[in-house]
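The values are calculated or read from the model by the stated rules, or taken from the named source; none is laboratory data. Predicted model only: the values in this text are computed from it and were never measured. All Cβ positions, glycine included, derive from the backbone under ideal geometry; neighbour counts span all protein chains shown.
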Amino acid sequence: MKRQLLLAGLLLLGGGLLPATGRTDEPAGDAGYLREHIYDSTVHQDEALVNLRVTNSRWPDCTTLESAIADIFRIEGVSNRSDQEKALALWKWFRILVSATGGSYAYEGPRGKETVCTDPHKIFTVYGHHQCDGQSWAMVDLWRAAGYMALDECTLGHTTAALRYRDADGQLRYHTFDPQRRYYHWDAENQRVATRSLPVMRGMVYRHLMAPRELHSLRTSLRVGERVCRAWQSSGYVVPSGKDKIAAARERYYAYAPKRSDGVYAAVGEERQAFEPEMRPEDFTRSLYDGSRNTACSPPAHGKATLHPRKAGELAEFVYRLAPPYVVVSATCLATFVKGEAAGVCRVLVSSDGSQWTPVYTKERIGQEEVTIDLAHVTYNLLVKFELMAPRDVRQAGIQSLVIYAYRMLNKRTLPNLRPGQNVIRVTADRMAAGVELGLSVEYRVDGRQCEEGRCIRQFPHYFCINVPDVPEEIRDNYDQHFNEGRLQMDAITMWLHRTAGRGSDSLDEQTALAAFAKAYPHPADLNRRQPAERPERDVRETSGFFPQSDEKPREDEQAMQALIHDLHNAGTERRWVAAEDLGAYPKALDVLLQTLPRADGDLTLFLCKALARLKDPRAVAPLLAKWQRVPGGAPGARYIPDVLAAIGDRSVVPALVAPLKKCRFDFRFHIAHALGVLGGPEAERVLQDLARNDPSQPVREEAERALATLRSNGGPAKAK
């Protein structure tokens, strides 16, 4: 049955993986600069408990990328340590929290219109497994969430994460981490994480910004009558990777078996969501969602509807919502309908966004009937609408009982896993409706013995301790196929709302609890597998990420130049990249490079910029500015046009360089700020002052400050205010 529900869900037309409704605006950045990592904080009318959050002092809070990386630093005790120690803390926990077992691109959207999911938080907390691309997308955005610069670096066959930070010698460099191959590159001579190539982007690109600006989060709110169980063991409700999900679901990687923990099941657990709407006349509207109309509720009576139209002869619409944060794989509805006349209407529809509705059930027979309806809607936000119409007696078309179930996929590693010793649990919420309280249960096992901690919570924040016996912690050199398999094993966290009854549970003293959330609890795993660097760095410009990357002398070898020109026009993609870069050693190749520039794609443009930055010829200015007019398009190569213009040194380009600033994402602004610091002049100084004060991206602000400092040292502007 589960298998049938899964496949039906994948086949359902219109089953888009869409974010929660309620956001239609396009948030602006500070002073008009585009912001990143925007999380939806919309409060919906049906939420009785708003923004519920359950976290553990000894495990990262993965609600957002920012909360996760802050906890990783705190738990590993590196919050006030070097950047490299912070990067290695991220590396360790990313290897624990994400499985590199396999999988592929996650496609989301209505059938036939699927697109690749590039949301790093979904990859991190919903899917939990991926190939090199998705893992790198998630890792670089966790580093960005800590206020650093990071980009994924790609060849045509492999993607890694390039994290930029300051080393012990005071220099800022990129550093390569390879989550799928489970190692990072290491410069033993200098005792620092190295780069995948020297110089960086040799035969590979620092790719486009894959992450959307508006990100998924684990924001959770509950309705009265809703019960949510987040379980570590999956029972087969999994969304397969790739577009052809029906074919993928037949592969052994996804095949379900009880207690299976390899393949995709090394990462995924499931959320079981049950929603029994209020059916008391004084309370029933609390469960309804936007779009409900002509609704009424009466006391239960034999043969009559409890939920029914308010006016006879008019269509009633009861809309209920089962909210994110995880993706629905399968859903069902158990309902008892009443239909007293043939002309009456009892119909069920489903939607992801409240605008496109798919009918899934129509009651044809007269009389009372209990039915199980397959809602089978692969989505995040699940809306279920009941259309009811009674020609004469309103209680002759409606619902006597109703429960909606949804099964969602999640990454169990990013739940609040317990660890041996004292775990302080913090439960917070923005607000809770009067007359209800939160029930919370944490279930786990120690040496096979079932343990449970239950709480009844009326006020927030609420703290309590779970003291786990001090059994040896599960330590492995590879967590990809192994998680939650030690002497301590997690089972489930269950949350529900019910009417207030009796005395609530006492909270742990807040001062004591907060002290636990300030401590470090380093994980004992050692995941420092290293790949030796290909050679020592010759010049910091090789790893800074800016162009030019060296001051090597020009070459005059005509035969070698012609061979490179041949490759530029005729070779495969990556050889073309290398040929374009190497032509930067030949001044006579300028015309060929400039002829290639206008029609070059975003990747090849990057290597043309490498070459032109080395040549520094003013004749490149006009073609570069022509390409710059397409910005913010043209990534990733167009990102480096400011570097070339700065290397040429023509200050007259500054107005054109800054013209698209408010349309650009932070990666473009980062390179613009660097270029302005090289070019200088009154307008450059003014823009840098504004970037240093107002840019919402910390790396851009810091680069603007560095640029201003450089200009000051050369007799430039006063300090930014």
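At a glance:
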quantity: Hey, residue 347 exposed (fewer than 15 other Cβ atoms within 10 Å of the Cβ) and in contact with an Asp or Glu (Cβ under 9 Å, 6 or more places away or on another chain) or not; calculated: no
quantity: Which listed residue, of 298, 352, 292, is of a type in the set (Gly, Ala, Ser), closer than 20 Å to residue 239 by Cβ and surrounded by 14 or more Cβ atoms within 10 Å (Cβ to Cβ); calculated: 352
quantity: Residue match in the stretch 531-547 (condition: surrounded by 15 or more Cβ atoms within 10 Å (Cβ to Cβ), under 14 Å from residue 423 (Cβ atoms) and either in contact (Cβ under 8 Å) with a residue 40 or more places away in the chain or among the hydrophobic types (A, V, I, L, M, F, W, C) (or both)); calculated: no
quantity: Filter pass, residue 166 being in contact (Cβ under 8 Å) with a residue 24 or more places away in the chain and under 24 Å from residue 414 (Cα atoms); calculated: no
quantity: Yes/no for residue 305 being under 25 Å from residue 341 (Cα atoms), of a type in the set (A, V, I, L, M, F, W, C) and surrounded by 19 or more Cβ atoms within 10 Å (Cβ to Cβ); calculated: yes
quantity: Unmet requirement for residue 506, which otherwise passes all of (1) free of Cβ contacts under 8 Å to residues at least 12 places away in the same chain; (2) crowded, with 18+ Cβ neighbours inside 10 Å; calculated: (2)
quantity: Residue that is farthest from residue 193 (Cα to Cα) [pool: residues in the stretch 81-132 that are polar (S, T, N, Q) and in contact with a Gly (Cβ under 7 Å, 6 or more places away or on another chain)]; calculated: 115
quantity: Residue that is nearest to residue 675 (Cα to Cα) [pool: residues in the stretch 582-614 that are touching a residue at least 60 places away in the same chain (Cβ under 8 Å) and of a type in the set (A, V, I, L, M)]; calculated: 613
quantity: Residue pairs meeting the criteria (Cβ under 8 Å; at least 6 apart or on separate chains; first within 19 Å of residue 656 (Cβ to Cβ), in the stretch 676-700; second among the small types (Gly, Ala, Ser) and part of a loop (DSSP other than H, G, I, E, B)); calculated: 678/649; 679/649; 680/716; 685/716; 688/720
quantity: Some residue of the stretch 43-56 being part of a loop (DSSP other than H, G, I, E, B) and farther than 30 Å from residue 285 by Cα; calculated: no
quantity: Residue within the stretch 47-60 that is within 18 Å of the chain's Cα centre (by Cα), buried (at least 17 other Cβ atoms within 10 Å of the Cβ), closer than 25 Å to residue 229 by Cα and modelled with pLDDT under 95 present; calculated: no
quantity: Condition check for residue 498: surrounded by fewer than 16 Cβ atoms within 10 Å (Cβ to Cβ), more than 20 Å from residue 445 (Cα to Cα) and in contact (Cβ under 8 Å) with a residue 24 or more places away in the chain; calculated: yes
quantity: Residue satisfying condition, being of a type in the set (Lys, Arg) and surrounded by 18 or more Cβ atoms within 10 Å (Cβ to Cβ), within set 311, 339; calculated: 339
quantity: Residues (within 30 Å of residue 499 (Cβ to Cβ) and under 23 Å from the mean Cα position of the chain (by Cα)) located in the stretch 239-288; calculated: 269, 270, 271, 272, 273
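Residue by residue, here is whether (1) surrounded by fewer than 22 Cβ atoms within 10 Å (Cβ to Cβ); (2) closer than 28 Å to residue 554 by Cα; (3) of a type outside the set (D, E, K, R) holds:
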residue	(1), (2), (3)
608	no, yes, yes
619	yes, yes, no
626	yes, yes, yes
631	yes, no, yes
639	no, yes, no
652	yes, yes, yes
659	yes, no, yes
